[in-house]
Amino acid sequence: MHLSRVAVALITNDRDEVLMLWRYRFATDAWGYELPGGIIDGDEESAATAAREAGEECGWLPTGEPEHLISFEPIPGMVTSEMDVYHWRGAERIGEPTDTEEAGTVEWVSLKRATKLAKERKLLGSGTLVALLYFLASRAEG
């Protein structure tokens, strides 16, 4: 089975926090944190998709140049659905979220909490989990 490509935005600020959504997912019957992201529309560049989704889902638009962190297939034994993750250092508040289907509570979450949240199964989805853990590991490597 082939699913659409997805782009994910990992946006950090100067307080070492990451922009996330706290929301409920019916399929897994779970509350947790997710990074903004979504399906890449048509010929849209994946970084543009990640930025657009952050604006729509969170009301924050990333600023500066994106850094491509990683691309991966979340479950290659079952489906193809490549995920591209981009990092921005900063964002500008543009208003309230406009995507009501992806509604959640927007929070700046301390990166120090990421591994604890992962262990507690409070990071929902492979896009969020892989993005945050890769980001933290690459920072540790210098």
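The values are calculated or read from the model by the stated rules, or taken from the named source; none is laboratory data. From a predicted model like this one, the values you see are computed outputs, not experimental measurements. Quick reminder, even Gly has a Cβ in these numbers, built from the backbone with ideal geometry, and neighbours come from all protein chains shown.
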Taking the range 122-142 and the residues there that are of a type in the set (Gly, Ala, Ser) and buried (at least 19 other Cβ atoms within 10 Å of the Cβ), the one that is farthest from the chain's Cα centre (by Cα) would be Gly125
The number of residues in the range 116-133 that are in a helix (DSSP H, G or I) and either hydrophobic (A, V, I, L, M, F, W, C) or more than 15 Å from Ala50 (Cβ to Cβ) (or both) is 10
From the option list Val85, Val18, Val8, single residue qualifying as touching a His at 6+ places or on another chain (Cβ under 8 Å), surrounded by 19 or more Cβ atoms within 10 Å (Cβ to Cβ) and either at pLDDT 95 or above or charged (D, E, K, R) (or both) is Val85
Go through the range 34-69 and give me each residue that's of a type in the set (Lys, Arg) and over 21 Å from Gly125 (Cβ atoms). none
Among the residues of the range 111-121, is any touching a Lys or Arg at 6+ places or on another chain (Cβ under 9 Å), of a type in the set (A, V, I, L, M, F, W, C), surrounded by fewer than 19 Cβ atoms within 10 Å (Cβ to Cβ) and modelled with pLDDT of 95 or more? yes
Provide a single number: the residues in the range 46-77 that are over 19 Å from Ala91 (Cα atoms) and assigned to a loop (DSSP other than H, G, I, E, B). 5
Could you tell me how many of the residues in the range 5-35 are in contact (Cβ under 8 Å) with a residue 60 or more places away in the chain and not in a strand (DSSP E or B)? 7
By residue number, the members of the range 31-46 that are of a type outside the set (D, E, K, R) and either surrounded by 20 or more Cβ atoms within 10 Å (Cβ to Cβ) or under 20 Å from Ser81 (Cβ atoms) (or both) are Gly32, Tyr33, Leu35, Pro36, Gly37, Gly38, Ile39, Ile40, Gly42, Ser46
Identify the single condition in (1) in contact (Cβ under 8 Å) with a residue 12 or more places away in the chain; (2) within 20 Å of Lys122 (Cβ to Cβ) that His2 does not satisfy, given that it satisfies every other one. (2)
So if I check each of Arg121, Arg93, which one is without any contact (Cβ under 8 Å) to a residue 60 or more places away in the chain, of a type outside the set (Val, Ile, Thr) and farther than 24 Å from Glu141 by Cα? Arg93
Checking the condition among the hydroxyl-bearing types (Ser, Thr, Tyr) and in contact with a helix residue (DSSP H, G or I) (Cβ under 7 Å, 6 or more places away or on another chain), which residue from Thr49, Thr80, Thr98, Thr63 passes? Thr98
Within the range 88-110, take every residue that is outside any loop (DSSP other than H, G, I, E, B) and of a type in the set (Asp, Glu) and give me the one that is surrounded by the most Cβ atoms within 10 Å (Cβ to Cβ). Glu102
